[in-house]
Amino acid sequence: MTSFHNIFIALSAMLTLSQSANAQIGQPYIHDPSTIMECNGKYFTFGTGGGGLISDDGWNWKSGAVRPGGGAAPDAIKIGDRYLIAYGNSGGGLNGGHNAHIFTMWNKSLDPKSPDFKFTEPIEVASSDGYEDNDAIDPGLLLDPTSGKLWMSYGTYFGNIRIVELDPKTGDRIPGNKPVDIAIDCEATDLIYRDGWYYLLGTHGTCCDGVNSTYNIVVGRSQNILGPYIDNVGRTMFEGGGRMVISANNRAVGPGHFGREIIDNGVEVMSCHYEADFNRSGRSVLAIRPLLWKNGWPVAGDSFKEGDYAIISERRGYALELSVDFVRIPQKQQAFWHINPNDPIESLPNQQLADVIGTWQKGDISVRTNDYMCRPNQLWTITAIPEAGGYLGGPYYKITIKGTNRALTATANAEVSTVPEFTGKLEQQWRIEQLTDGTYRIMPRVIPGKAEPNTHYVLYSAGDSTPTLALYDFNTDNSKWNFK
Amino acid sequence: MKNVKHILLSIIIACPVLGANAATPDTQTHLVPWTKGAFQTNNYRNLFVEMGYSKKQVDNKLNEVFKEVFYGPHKVYFEVGDSMAYISDIKNHDVRTEGMSYGMMIAVQFDRKDIFDKIWRWSKKYMQHQNGPRGGYFGWSCKTDGTRNSEGSASDGELYYITSLIFAANRWGNDTGINYRKEAQKIINCSFLKNGENDIMPLIDKQTNLITFTPDKFGSRFTDPSYHIPAFYDVWSRWAYDGRTDFWQKAAASSREYLHKVVNSTTALNPDISNYDGTPIKIRDYVMNTFRYDSWRVPANIALDYQWSCTDMKWQREYGEKIQNFFYSKGINTFVDQYNVDGTLPNEKEILAAGDYPKALRHSIGLLATTATASLMCGHDISREFVNALWNAKHEPSPDGYFDAYYDGLLRLFAFMQLSGNYRIIPPLHDGKEPQLETYFSKCKTRDAAPDDNGFIRRWTLLEPIDKPNVSNAGFTDSYLRDAFYHEYFKNQQTYVPKDGSVVKIGSNKLTWHSMDSKQYNVKLFRLASGLGKQTYGVLFWAVTIIDCKEDIPNARLAVGSNSASMWWLNGNETLLLSGDRRMVKDDCVSQRLTLHKGRNILRGVVINGPGMSNFCARFVDESGKPIKNYTINNM
């Protein structure tokens, strides 16, 4: 069991690598990332050893965030118009040790270029004496939306995870507040709240062992902030319980240090680091994954994968298609009562693009939703546009009819159509986000003539058969789509 | 322990000094500077002993010098009532933060809490501003009755106050009446809040990370080379617990970089004050470029940085030899106490007077002391001569009657401390206490115990940890564990049923079995080890318990969680292996169905851990996962 938290992660002079399916692009090298904060339209996360990452779009990351204080594993939260950062410092006697201290500091801005960027002086809010069953590092912050109270969980494998109450106005400890033990054998905990439940996320497994790290994130929940936090089989986290939120991916291992970011109602992502990304020399990298909620439990979704898909409406189960003539597939029809079961079985070919493309109009072709019939006008190729950048957790995509460059586009009247050639225009770039229920929303980057970037209008079922662009609403299936 | 030490120390101080003079030490041994600092090694050279002085001679000499400063006829330490004391710069008839904070540093190094506390109380009462724009800072000079001569501060005082307070916190803890760490943090935190209002500035210049000459609008425009002790910031970075580790690391690095610039590349001398970039300060046409009293401390400071940190080894060694070469070239018994940085003698205007004495150049023991200290980073032959010269030098009036009990006396004492390995980093010793064994375990009181409400077996006979070094748990594969667990550590280990107090011999070690009831559902082996004063990491624990059943209990499963890996046997049959770097999780691994037999069953386990808080929990569960509780546990 290891708790090597004072690992210094080099963040500079990294190789340029092609986009990885698991991780953010750029140079997202970090260990113990804090919950991602948005400030001045940019995104920030802080890591162990000082500093952190900065991103203009949430997809392309580079070092450059500034956090004084040193130490390990910070967390961040926005309260009112200020950001509160908490971080731990292990005193470390000559033999190392668990004499540790957690500090908080405020800043009005996280952007080092902002004139408001000035950290307040650190305040100690929790400590461990080096012997007791606690190691006061690894803070996780939660502003309780039901009470307005500010809570902080902290601790490592050395003893218990504890929770204390802070003053959301000062960032200082509430006078007289005593820590409460809520879990054992965790590191890098975080607290979140949803629908009457408090969730304690903790990292189990071995950290800091590169491609052999077994770090993974588990969760327990409670209707009381002070616990007990119970897992899916009724075990408390004080008994080592926890339901898996995220473990290794096939090319990245050791997820740790959970953070939750709510983008919109029903649109959530989680951030963490992978101890090792096999596509990036086994370095520790920032990861952002959709956060799904299944039966009241948070679980990491998969990053969207490029490929060929039918785009199916959640409203009716119809497929998005080009509005072109339905071309029948010729078949020798036999009345079923005449079928001889002993006749050889024949595999019928799918309808091919070449079979039908000649029948399609040449210019813009509108789209509709219709019975899914596996036809070429219903089959879309979805490809990331590397030079287009992205948004929190993903790149922009082009959506083209398979085998063609005919691209899905937003139109000036907030409708949706296709153009014969993908030209890279912003209205042809799409943001694809998995929602908390596992469905997706599909959003054009811009709508011609409307404010940029578009963050509200999504591909939307105006009727069973009629797609349009309309205001995203998680509470209606009209906003939701699936890929198959 | 501490009291005994106090008594011993006061006896030594009270006794007449044993003859410890002018020994002829071995002149052959070549002095070789170390290549690692005490932060890393926790070791210190005793240069006198290396040169052939006996340990006893050196201890006596050190105590003699200490006594001269604190108790002798020329002492500078004066107690006021029962609870306060000051250190006076006799020649200037005042009390300075410099001397007060030096006194505290010496006191904490000598484990003299009495002296430390007395000086601190005087400092806090008379010198420290408790509020107002200077709040947290100290007036640098007071009359001996406590009246302030100056409201303003000299940053080296704060520097030494902070460091000595941190060491006091580390050595004595913070609950003996003075919260040393809080006092240190108060000075630091106050400093960071100064923003130029009322002309008061931070101690450390925010642009350069270098210490100010004085923390005000005037003195914050330049610095004093003798205020630079980079290793002090390494101490703050570790133990100020002020949340600024990175800042202090930067300050240490900046300070080392600055020293490179301010020191003359030929003579190794430096000016008393300089700009932050190391260039001399010019006032109109006058260039201030003279090495005088303040500057004496620079070689000792750099030697301390070398001794403690050793991160600037190459340059510091060159520096040490260069500055000794310079003074040696002026005659080891004749070099004077003030030079221009280029090595020429200062003119009448540039010579500083001290106290009421007339301006003069002298061969001062304070400067001899600091240059001798540089021997810690020197490998050349003359460094021995400096050490011998210091050993033999008497602290007595110069031919012209000049005598400085204070500055010369303190620098001489520091030099003896440093050269004998008694000026040390004091790491935290008393911030917390190891929890007592009784917090986690109790002795078995009744004959029979029952599993707890959830079926956990809390009564075990546990063997003290067997030394099994593993720096990490990465290697706990099934094969490794089988080898480690089936290795025979003691005779009959698979059948032996120990009793409380039973002893087994492992190698040359005798380890004892302890029958215990765990106060928690999980058995905290780490706390067993720490509570018994045994090693906690790199260990292997054996656990045995006896389960008595009134009837056969079929279809039972043993359910175990352990930190880290473990193996379990029921009645001699291997039942469970928990492999890998594992955390303790209730019902983590569960055995196949087994039968607890009517009568006696022996449950045996072994838990291995490298670094980590070893513990386990074990219970029997039935077909539906519910705890089995209809048996008794009897290890008495």
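The values are calculated or read from the model by the stated rules, or taken from the named source; none is laboratory data. Everything quoted here is computed from the prediction, not taken from an experiment. With ideal geometry, Cβ positions are generated from the backbone for all residues, glycine too; neighbour counts draw on all protein chains shown. Just the protein is used for accessible areas: all its heavy atoms, side chains included, with ligands, DNA and RNA removed. Shrake-Rupley method; radii C 1.70, N 1.55, O 1.52, S 1.80 Å.
Points worth noting:
- When restricted to residues that are open to solvent by less than 50 Å² (accessible area, probe 1.4 Å), within 14 Å of another protein chain (Cβ to nearest Cβ) and touching a helix residue (DSSP H, G or I) at 6+ places or on another chain (Cβ under 9 Å), segment A:220-249 contains 3.
- The listed residue being free of Cβ contacts under 8 Å to residues at least 24 places away in the same chain, within 9 Å of another protein chain (Cβ to nearest Cβ) and of a type in the set (D, E, K, R), out of A:121, A:165, A:132: A:121
- Among residues of segment B:530-547 being part of a loop (DSSP other than H, G, I, E, B) and more than 14 Å from chain A (Cβ to nearest Cβ), the one that is nearest to residue B:489 (Cα to Cα) is B:534.
- The strands (runs of 3 or more DSSP E) found entirely in segment B:548-623 that carry 1 or more residues being within 11 Å of chain A (Cβ to nearest Cβ) and of a type outside the set (Asp, Glu) are B:553-563, B:599-609, B:615-621.
- Residues in segment A:135-161 that are more than 18 Å from residue A:85 (Cα to Cα) and open to solvent by 20 Å² or more (accessible area, probe 1.4 Å) were compared, and the one that is farthest from the other protein chains (Cβ to nearest Cβ) is A:146.
- Residues satisfying the stated conditions in segment B:453-489, i.e. closer than 30 Å to residue A:213 by Cα and within 14 Å of another protein chain (Cβ to nearest Cβ): B:470, B:471, B:472, B:473, B:474, B:475, B:476, B:477
- Segments classed as strands (runs of 3 or more DSSP E), wholly inside segment B:1-115, with at least 2 members that are at pLDDT below 85: none
- Screening residue B:269 against (1) of a type in the set (A, V, I, L, M); (2) within 26 Å of the chain's Cα centre (by Cα); (3) under 13 Å from residue B:226 (Cα atoms) leaves a single unmet condition, (2).
- Enumeration of residues in segment B:163-191 that are under 20 Å from residue B:99 (Cβ atoms) and in a helix (DSSP H, G or I): B:163, B:164, B:165, B:166, B:167, B:168, B:180, B:183, B:184, B:187
- Residue A:397 meets each of the listed conditions (1) within 21 Å of residue A:322 (Cβ to Cβ); (2) touching a helix residue (DSSP H, G or I) at 6+ places or on another chain (Cβ under 7 Å); (3) among the hydroxyl-bearing types (Ser, Thr, Tyr) apart from (2).
- Sub-6 Å Cβ pairs linking a first residue in segment B:558-574 that is within 16 Å of residue A:206 (Cα to Cα) to a second residue that is in a strand (DSSP E or B), at least 6 apart or interchain, are B:562/B:578; B:562/B:607; B:562/B:616; B:563/B:615; B:564/B:609; B:565/B:578; B:565/B:608, ordered by first then second residue.
- Selection of segment B:605-633 for residues being under 19 Å from residue B:455 (Cβ atoms) and open to solvent by less than 20 Å² (accessible area, probe 1.4 Å) yields B:605, B:615, B:616, B:617, B:618, B:619, B:620, B:621, B:628, B:631, B:633.
- With respect to the conditions (1) open to solvent by 50 Å² or more (accessible area, probe 1.4 Å); (2) in a loop (DSSP other than H, G, I, E, B); (3) of a type in the set (A, V, I, L, M); (4) in contact (Cβ under 8 Å) with a residue 24 or more places away in the chain, residue A:357 falls short on a single one, namely (2).
- From the list B:468, B:433, the one residue that fits, being among the basic types (Lys, Arg) and out of contact with any helix residue (DSSP H, G or I) (no Cβ under 8 Å at 6 or more places or on another chain), is B:433.
- Just one of (1) over 30 Å from residue B:64 (Cα atoms); (2) out of contact with any strand residue (DSSP E or B) (no Cβ under 8 Å at 6 or more places or on another chain); (3) within 11 Å of chain A (Cβ to nearest Cβ); (4) outside any helix (DSSP H, G or I) fails for residue B:439. It is (4).
- Cβ-Cβ contacts under 9 Å between residues 6 or more apart (or on different chains), taken from a first residue in segment B:581-607 that is small (Gly, Ala, Ser) to a second residue that is open to solvent by 10 Å² or more (accessible area, probe 1.4 Å) and not in a strand (DSSP E or B), are listed as B:599/B:550.
- Note on segment A:254-289: residues that are part of a strand (DSSP E or B) and open to solvent by 20 Å² or more (accessible area, probe 1.4 Å) total 5.
- Checking the stated criteria, residue B:368 turns out to be buried (at least 16 other Cβ atoms within 10 Å of the Cβ) and within 14 Å of residue B:293 (Cβ to Cβ).
- In this structure, residue B:527 does not qualify as within 14 Å of another protein chain (Cβ to nearest Cβ), modelled with pLDDT under 95 and either surrounded by 16 or more Cβ atoms within 10 Å (Cβ to Cβ) or not in a strand (DSSP E or B) (or both).
- The residues on offer are A:310, A:300, and the sole one that is open to solvent by less than 70 Å² (accessible area, probe 1.4 Å) and closer than 21 Å to residue A:404 by Cβ is A:310.
- Taken over segment B:30-58, the criterion of being over 24 Å from the mean Cα position of the chain (by Cα), in contact (Cβ under 8 Å) with a residue 60 or more places away in the chain and buried (at least 16 other Cβ atoms within 10 Å of the Cβ) is satisfied by B:31, B:51, B:53.
- Flag if residue B:354 is surrounded by 16 or more Cβ atoms within 10 Å (Cβ to Cβ) and in a helix (DSSP H, G or I): no
- Within segment B:221-250, residues that are within 12 Å of chain A (Cβ to nearest Cβ) reach partners that are open to solvent by 10 Å² or more (accessible area, probe 1.4 Å) and of a type in the set (Val, Ile, Thr) with beta carbons closer than 6 Å, at six or more positions or on different chains, in the pairs B:237/B:245.
- Residue match in segment A:79-88 (condition: open to solvent by 20 Å² or more (accessible area, probe 1.4 Å), more than 9 Å from chain B (Cβ to nearest Cβ) and in contact with a Leu (Cβ under 8 Å, 6 or more places away or on another chain)): yes
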